[in-house]
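K.L.:
Structure below; questions to follow.
Rule-based calculations on the coordinates, nothing more; no lab input. Bear in mind the structure is a predicted one, so any value in this text is a computation, not a measurement. Ideal geometry is used to build each Cβ from the backbone, glycine not excepted, and the neighbour counts take in all protein chains shown.
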Amino acid sequence: MNIYQKGVVFHAHFYQPSRENPFINRIEAENDAEPFENWTERIFFDCYKPNIDLGNFRFFSFNIGPTLTMWLRRNYPEYLLKVIEQEKISSELFGTSNAIAQPYHHTILPLDNKIDKETQIKWGIEDYRSIFNHDPEGMWLPETAVDIETLEILASEGIKYTILAPWQAECENLDTTEPYFIELKTGRRMTVYFFDQFISNQVSFNPNITEDGDRFVNDVLMDRYFEFDPKPDHDQIILIASDGELYGHHQKFRDKFISYVFSRIDKDPELNNENLGSWIKRHPSKKEVHIKKNTSWSCHHGIERWRSVCDCTPSAQWKFPLRKGLQSIANKIDDIYVKHVSIIVDAPWRLRNQYIQSLIGNETFQDLISNLSSREFSKSEEKMISNLLEAQYSRLRMFTSCGWFFDDLSRPEPYYNLMHAAFAVQKINQATSIDLTQFAFEVLNSAKMKKGKKTGGTIFRDIYDNYR
């Protein structure tokens with residue numbers, strides 16, 4: 001009689017947007033986060049700290065967004081070190097890491113052009129290497145938003161697998177208890193894990209299901225294996241994916257719940273806490289699947305939530321003009337960047353991709369330019385390139401997905417995106433004396449709040465004038 005293995009993976013997507021005001025390089029007080037100074041701090045104490053203290057990062061499959069690791073480095077480096085220690089224990093046990101990478105800024109990659117996709121992915125990989133001291137095997141895509149071009153870039157950068165929602169597969173009889181492969185145009189393959197829709201939704205949105213760890217394992221998890229196949233003919237892995245902030249922030253005490261579930265699985269002879277990288281080494285994907293391009297896990301209308309009106313945010317007419325306006329600003333910034341940097345550096349986009357080495361402290365800024373420059377450069381030229389790269393950094397942050405997630409332009413998230421736009425425009429002015437403020441105001445002015453007279457243009461102008 002064959003006894004097939006039952007593997008369990010809880011993947012936690014840990015991420016916070018960059019709440020720093022780029023003009024002063026710190027997060028300003030957020031009154032609604034009281035008793036804490038800001039929301040990142042509050043979520044740290046609700047979620048990150050207790051999960052780290054409980055040792056849960058030994059058992060999670062997880063990714064941590066680079067904007068969050070940057071904040072941890074600055075504010076709680078000892079806790080980032082504990083995450084690294086727990087990841088190392090897991091890596092030694094499985095022979096491969098339980099941590100996967102994430103593109104640097106949380107942008108919707110199918111909405112990015114190819115050059116921006118490459119930068120976001122390369123920066124995310126380098127940030128991962130700087131933390132865990134090895135290459136990532138997997139990468140989490142923001143909102144699991146996917147298209148073939150994104151997968152091609154992942155594969156070219158050595159990424160072996162990613163995680164998607166089952167409704168992103170073009171497949172009638174999808175078996176989410178095994179990985180699939182996508183055949184890419186370049187001849188490479190990308191392995192895809194599809195998370196279990198039922199349990200992931202229950203864990204994320206039904207607090208009752210995570211009140212009792214024993215009941216969860218006995219009545220939810222074990223039953224789920226047999227729902228798929230009472231007499232399986234292969235080892236099965238159930239992948240449960242959710243925001244990491246669920247465990248203690250969105251749902252209180254769930255850090256303790258998941259810690260107990262991990263210990264219970266560890267003692268159960270029928271179950272194994274698994275590792276995605278290790279699993280595909282032992283169970284290579286055998287079935288091909290096609291994806292539905294331009295889809296995501298958090299909007300069943302594809303990627304419309306981040307560029308237009310959809311049923312998730314039906315009155316958000318401001319989204320399209322905001323994205324169109326910011327893209328127009330980005331195009332201007334890019335033209336200026338290429339024109340001025342090309343005088344000194346032969347490959348301006350390669351320079352932007354390499355800029356991450358300076359950001360994470362692997363390379364001095366002067367060496368960064370010297371390695372790509374065809375001639376000697378002056379201090380004033382070095383300063384010009386520095387300002388242009390700072391503009392590029394904020395220009396990439398203008399498209400952080402949170403800015404389009406909710407229904408109203410009056411929320412803090414689009415305000416942060418517009419703040420990064422204002423900072424990028426200021427840096428362009430400092431670098432080249434080119435003033436894009438009137439242009440930016442005009443192209444953003446069509447994005448209007450539902451109530452009140454403010455627009456994307458007036459918000460941009462108020463921010464810019466405040467820090468002139």
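K.L.:
What's the FRET efficiency of residue 75 with residue 315 using the Cβ-Cβ distance as r and R₀ = 35 Å, to the nearest 0.05? Please list the in-between numbers first.
P.N.:
Values: r = 37 Å, r/R0 = 1.06.
That pair, residue 75 with residue 315, gives E of 0.40.
K.L.:
Could you work out the mean projected area of the convex hull around the alpha carbons of the range 209-315, in square nanometres to one decimal? All intermediate terms of the calculation are to be shown ahead of the outcome.
P.N.:
Numbers: hull surface 38.9 nm².
Mean projected area for the range 209-315: 9.7 nm², to one decimal.
K.L.:
So what is the calculated 222 nm ellipticity per residue for the chain, using -39500 (n - 2.57) for each DSSP H run with n of 4 or more, over all residues, to the nearest 500 deg cm²/dmol? Could you put the intermediate results ahead of the total?
P.N.:
Details: 18 runs with 207 residues, N = 468.
Computed ellipticity for the chain at 222 nm equals -13500 deg cm²/dmol.
K.L.:
Write out the trypsin sites (Lys or Arg not before Pro) in the range 262-294 meeting two conditions: DSSP loop, and at most 13 other Cβ atoms within 10 Å of their Cβ. Could you put the intermediate results ahead of the total?
P.N.:
Working: sites: 264, 267, 281, 282, 286, 287, 292, 293; in loops: 286, 292, 293.
Those that pass, being in a loop and sparsely packed, are 286.
K.L.:
Also: Treat each spin label as a single point 7 Å out from the Cα along the C-beta direction, and report the residue 407 to residue 294 distance in nm.
P.N.:
That separation, rounded to one decimal, is 2.5 nm.
K.L.:
Once you have the Cα-Cα distance between residue 282 and residue 84, take 0.36 nm times their residue separation minus that, and quote the gain in nm to one decimal.
P.N.:
Working: separation 198, 0.36 × 198 = 71.28 nm, distance 2.49 nm.
Extra length from residue 282 to residue 84 when fully extended: 68.8 nm.
K.L.:
Expressed in nm², what is the orientationally averaged projection area of the convex hull enclosing the Cα positions of the range 86-127?
P.N.:
Values: hull surface 14.2 nm².
With every direction weighted equally, the projected area is 3.5 nm².
K.L.:
So, one more: Rg and Dmax of the chain, using alpha carbons, in Å: what are they?
P.N.:
Reported Rg and Dmax, both Å: 22.8, 77.
K.L.:
Using the Kirkwood formula over every pair of different C-alpha atoms, what hydrodynamic radius in Å results for the range 310-466?
P.N.:
Details: mean 1/r = 0.0609 Å⁻¹.
Radius from the Kirkwood sum: 16.4 Å.
K.L.:
Please give the length that would be gained between residue 218 and residue 23 if that part of the chain were fully extended, namely 0.36 nm times their separation in residues minus their C-alpha to C-alpha distance (nm, one decimal).
P.N.:
Values: separation 195, 0.36 × 195 = 70.20 nm, distance 5.25 nm.
65.0 nm is the gain from fully extending residue 218 to residue 23.
K.L.:
Follow-up. Quickly rank 328-334, 456-462 as a protection proxy: mean count of other C-beta atoms within 10 Å, highest first.
P.N.:
Details: 328-334: 19.1, 456-462: 21.3.
Ranking the peptides 328-334, 456-462 by packing returns 456-462, 328-334.
K.L.:
Once the Cβ-Cβ distance between residue 233 and residue 34 is put in as r, and R0 is 45 Å, what FRET efficiency do you end up with, to the nearest 0.05?
P.N.:
Numbers: r = 56 Å, r/R0 = 1.23.
The calculated FRET efficiency here is 0.20.
K.L.:
Here's something else I'd like to know. Over 18 Å between Cα atoms, which of 292/319; 122/383; 122/319; 319/453 qualify?
P.N.:
On the way: 292/319 23 Å; 122/383 24 Å; 122/319 28 Å; 319/453 16 Å.
Checking Cα-Cα distances, 292/319; 122/383; 122/319 exceed 18 Å.
K.L.:
Now for a separate question. Just how far, in whole angstrom, is the range 313-349 from the range 431-468 if you go by their alpha carbon centroids?
P.N.:
The distance from the Cα centre of the range 431-468 to that of the range 313-349 comes to 15 Å.
K.L.:
When only DSSP loop residues count, what trypsin sites (Lys or Arg not before Pro) in the range 366-403 have their Cβ near at most 14 other Cβ atoms within 10 Å?
P.N.:
Numbers: sites: 375, 379, 383, 395, 397; in loops: 375.
Counting only loop positions with at most 14 other Cβ atoms within 10 Å, the trypsin sites (Lys or Arg not before Pro) in the range 366-403 are 375.
K.L.:
If the cut-off is a Cα-Cα distance under 23 Å, which lysines reach residue 267, setting aside same-chain residues fewer than 8 apart in sequence?
P.N.:
Filter leaves 6, 88, 256.
K.L.:
Now, a different point. What does the extension gain come out to for residue 376 and residue 462, with contour length at 0.36 nm per residue minus their alpha carbon separation? Don't skip to the answer; put the middle values down first.
P.N.:
Details: separation 86, 0.36 × 86 = 30.96 nm, distance 3.98 nm.
Full extension from residue 376 to residue 462 adds 27.0 nm.
K.L.:
With labels modelled as points extended 7 Å from the Cα through the Cβ direction, what inter-label distance (nm, one decimal) is found for residue 252 paired with residue 205?
P.N.:
2.4 nm
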